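Reading through the structure tokens given below for one structure.
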Amino acid sequence: MSNLSVEQQMEIISRGAVQITPMDSLLEKLKSGRQLTIKLGCDPSRPDLHFGHAIVLKKMRQFQDLGHKVILIIGDFTGMIGDPSGKSKTRPALSLEQTRENGKSYLEQATIILDADPSKLEIRYNSEWLEALNFEDVIRLAAKYTVAQMLTREDFSNRYSNSTPISLHELMYPLAQAYDSVAIKADVELGGTDQTFNLLVGRDIQKEYGLEPQVVLTTPLLVGLDGVEKMSKSLDNYIGISEPSDVMFSKLMKVQDPQLEQYITHFTKLDVSETLALGAVQAHRVMARAIVSDFHGTDTVQAAEERYDNVAKGGVPDQMKEIIISKPEAREEDGLFWVVKLAVLAGFAASNGEARRLIQNRGLKLNSEVVSDDKLHVDLEEAIVLQKGKNDFLRLSRGS
RNA sequence: GGGUAGGUGUCCGAGUGGUUAAAGGAGACGGACUGUAAAUCCGUUCGCAUAGCGUACGAUGGUUCGAAUCCAUCCCUGCCCA
């Protein structure tokens with residue numbers, strides 16, 4: 001176990017945590033000196049991890065570094081049923097193969113942050129024990145909780161009072177998740193603050209099964225780059241943990257000022273108030289450098305920053321994505337390609353109409369020149385650089 | 001089972017037979033300003049090689065010169081009663 005004193009360990013664990021319940025129970029578990037089992041439940045439907053997930057993964061990593069064991073629970077069973085979990089639309093049910101596939105992908109990405117040492121990381125699928133329960137077991141499990149208790153969950157009570165549908169099986173999810181804690185005898189379970197209720201149900205159910213209840217540690221929900229909504233892939237306000245260094249750098253520079261502190265706290269070891277004292281712009285840079293070097297190594301940071309500065313000055317970066325256009329998709333005529341179609345193929349617009357509008361609004365540049373005519377045709381004898389707005393570049397060249 | 005209110009574009013939401021591709025807002029995307037920030041301001045907002053055409057108001061069928069709007073059947077959801 002760790003050489004650090006229990007107090008020092010507590011300090012590390014507490015950084016950025018919203019809530020640790022109960023604190024003294026965690027102290028005691030740490031004092032015992034044994035390797036603790038730290039649980040994290042993972043949603044198997046969204047395998048693209050972003051910084052919102054990274055907050056909790058970083059925290060898991062800290063536990064690992066202190067010698068404890070992390071168990072990732074892939075909710076394949078729950079995923080098969082399709083957890084609506086508060087979203088207005090029920091998620092589609094996934095097949096067992098899909099959830100396994102997603103689980104693998106989750107693990108791959110999670111180990112960017114987590115220590116993959118098998119003595120410190122284990123992965124389990126909850127179908128292992130949930131599938132084995134028969135209807136009687138389920139009813140017994142359900143008997144341990146009341147409807148009134150369930151309705152104390154904010155999400156449920158809100159929906160109930162707003163007359164939004166709540167399917168009966170949704171009430172089972174907290175129980176299923178709690179049962180996971182029973183199955184692996186979790187000492188600590190981590191999750192975002194939106195998981196607080198579920199995590200606490202885990203304590204109650206563990207008690208019912210004669211186990212020592214887990215400590216619940218919650219981390220804040222990360223606000224995305226829009227500065228308003230919580231970070232999520234579907235809102236496209238996210239920074240992916242496997243993004244290349246230059247993208248990660250420029251996205252980190254876009255973190256809005258009020259969220260800067262959050263990013264420094266959770267993703268760096270920098271002193272928060274000292275860093276903020278540098279002023280918003282400089283603090284962004286320091287934060288972005290620290291995080292990019294943490295993910296990609298120190299040598300890529302400089303290149304990422306240079307690229308960022310170059311683009312800020314209106315320059316065109318050396319490195320950018322490239323695609324090769326072949327004739328049929330661009331409707332080549334007389335060796336010429338239509339800009340509108342090229343913009344669509346570049347992914348800058350979803351339809352020709354959208355591309356036309358982009359051009360009309362002077363948002364499309366070809367080799368740094370504003371495209372003003374939506375009938376423009378180009379030959380691709382030489383590769384061209386297409387640019388949408390300030391930061392989207394793509395090099396296009398012609399296929400044979 | 002009975003009653004009742006609903007289902008409109010990415011979302012919220014107006015619209016109860018005729019310039020309705022559908023008010024308004026949010027979001028998004030461009031532009032200006034800036035710190036490639038925020039706030040603010042301006043433009044855009046279904047598709048199509050676009051002065052035109054095609055689709056679209058839960059689904060299908062019908063009434064009508066004309067339907068998001070009227071009728072029928074079906075699907076889905078809320079609430080109340082049992």
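Data table
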quantity: Label-point separation in nm, A:ASN352 to A:LYS31, each point 7 Å along Cα→Cβ; calculated: 7.5 nm
quantity: Modelled FRET efficiency - R0 35 Å, A:ASN361 with A:ASP155, Cβ distances, 0.05 increments; calculated: 0.30
quantity: Within the accessible area of region A:245-312 (1.4 Å probe), percent carbon and sulfur; calculated: 49 percent
quantity: Residues whose placed amide H lies under 5 Å from that of A:VAL215, excluding near-sequence neighbours; calculated: A:VAL188, A:GLU189
quantity: At 0.890 mPa s and 25 °C, Stokes D of region A:247-297 from Kirkwood alpha-carbon radius, µm² per second; calculated: 233 µm²/s
quantity: Rounded percent of accessible protein surface that carbon and sulfur make up, region A:128-180, 1.4 Å probe; calculated: 58 percent
quantity: Average accessible area per residue (Å²) across chain A - probe 1.4 Å, nucleic acids and ligands excluded; calculated: 50 Å²
quantity: Of all accessible heavy-atom area on region A:321-398, the percent that carbon and sulfur account for (1.4 Å); calculated: 44 percent
quantity: Phi-based couplings in Hz for region A:273-289 (Karplus 6.51, -1.76, 1.60; Gly and Pro marked x); calculated: 6, 4, 5, 4, 5, 6, x, 4, 5, 5, 4, 4, 4, 4, 5, 5, 4
quantity: Cβ charges +1 (Lys, Arg) and -1 (Asp, Glu), total dipole of region A:116-248, debye; calculated: 400 debye
quantity: FRET E, pair A:SER5, A:ALA277, Förster distance 30 Å, beta-carbon r, rounded to 0.05; calculated: 0.55
quantity: Expected 222 nm ellipticity per residue - DSSP helices of 4 or more, -39500 (n - 2.57), all of chain A, to 500; calculated: -13000 deg cm²/dmol
quantity: Lysine pair count for region A:321-398 [Cα-Cα under 22 Å; pairs on different chains or 8 or more apart]; calculated: 15
quantity: Low-density loop cleavage sites - trypsin sites (Lys or Arg not before Pro) in region A:264-294, where at most 11 other Cβ are within 10 Å (DSSP); calculated: A:LYS269
quantity: Rg/Rh ratio calculated on Cα atoms of chain A (Kirkwood radius); calculated: 1.04
quantity: Linear extension gain, A:GLU131 paired with A:GLN259, 0.36 nm per residue minus alpha-carbon span; calculated: 41.9 nm
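The values are calculated or read from the model by the stated rules, or taken from the named source; none is laboratory data. Note that this is a predicted model, so its numbers are computed, not measured. Backbone-built Cβ (ideal geometry, glycine too); neighbour counts: all protein chains shown. The area values use the complete protein model at the heavy-atom level, side chains included, leaving out ligands, DNA and RNA. Shrake-Rupley method; radii C 1.70, N 1.55, O 1.52, S 1.80 Å.
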